[in-house]
Amino acid sequence: MISTIHHTAFTVSDMERSIAFYRDILGMKVLWDSVQAGVKYKGPVCDKITGCPGTEQHIVYLGIGESFLELVEYTPTGKPLENNKASDIGASHVCFKTDDINALYEKLLANNVKVHCSPQEGISNLIMYFRDPDGIILEAIEGKTKV
């Protein structure tokens, strides 16, 4: 049986660029890096687990609060996200809670991050969507949430 969600994972095309984005712009901390740890993720077992035969994975865990985000860079890489929308079947996003969404919005703009729009008023909160360097959809929310 499933007891909890351990982490969320994103496949990225350039690990260093993604680490810089999530660490330097969003404030996450690098908790573990497979390359720095000398751990190799490749071979028959990894091929079976991922369903991506002949690849090697560079894995990095980032943390913020009590939450974990896993970034995975495959070599060779798969296909890039192109024209992806939040309404696409299978689309997903991570929502980051913030105490100052307007400051985050300004920081994203200052770093040339693609932002869908300025923070919008919800029922009891402010919300916005933005993109990471690979076009992965992210959300930020300030205020009360339903859960």
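The values are calculated or read from the model by the stated rules, or taken from the named source; none is laboratory data. All figures in this text were calculated on a predicted structure; none of them were measured in a lab. Positions of Cβ are backbone-derived with ideal geometry, glycine not excepted, and every protein chain shown enters the neighbour counts. Just so you know, the surface numbers come from the protein's heavy atoms only, side chains and all, with ligands and any DNA or RNA stripped out. Shrake-Rupley method; radii C 1.70, N 1.55, O 1.52, S 1.80 Å.
Charge dipole (Cα centre; +1 on Lys/Arg Cβ, -1 on Asp/Glu Cβ; no other charges) of the chain amounts to roughly 220 debye.
Let me have the relative contact order for the chain, percent, based on Cα pairs under 8 Å that are six or more residues apart.
Relative contact order comes out at 22 percent.
Set against the labelled values (i) 108; (ii) 148; (iii) 119, volume of the Cα convex hull per residue in Å³ computed from this structure falls on (ii). Based on protein heavy atoms only, the range 27-126 ends up with 69 Å² per residue of surface accessible to a 1.4 Å probe. Run through every distinct alpha carbon pair of the range 74-147 and return the Kirkwood hydrodynamic radius in angstroms, one decimal place. After inverting the pairwise mean of 1/r, the radius is 13.5 Å. Pairs over the 29 Å Cα-Cα cut-off, from the set LYS40/LYS85; LYS107/LYS146; LYS40/LYS114: LYS40/LYS85; LYS40/LYS114.
Take ASP24: with every protein chain present and a 1.4 Å probe, its accessible area is about 90 Å². Candidate cross-link partners of LYS97 among the aspartates and glutamates, defined by an alpha-carbon separation under 19 Å and a same-chain spacing of 8 or more, comprise ASP24, GLU66, GLU70, GLU106, GLU121, ASP132, GLU139, GLU142. For the range 17-22, the Karplus equation 6.51 cos²θ - 1.76 cosθ + 1.60, evaluated at θ = phi - 60°, returns couplings of 5, 5, 4, 4, 5, 5 Hz by residue, with Gly and Pro reported as x. Residue ranges 43-51, 68-76 sort as 68-76, 43-51 when ordered by packing (mean number of other C-beta atoms within 10 Å per residue, highest first).
Per-residue extension of 0.36 nm, minus the Cα-Cα distance of THR145 and CYS46, leaves a gain of 31.8 nm for this segment.
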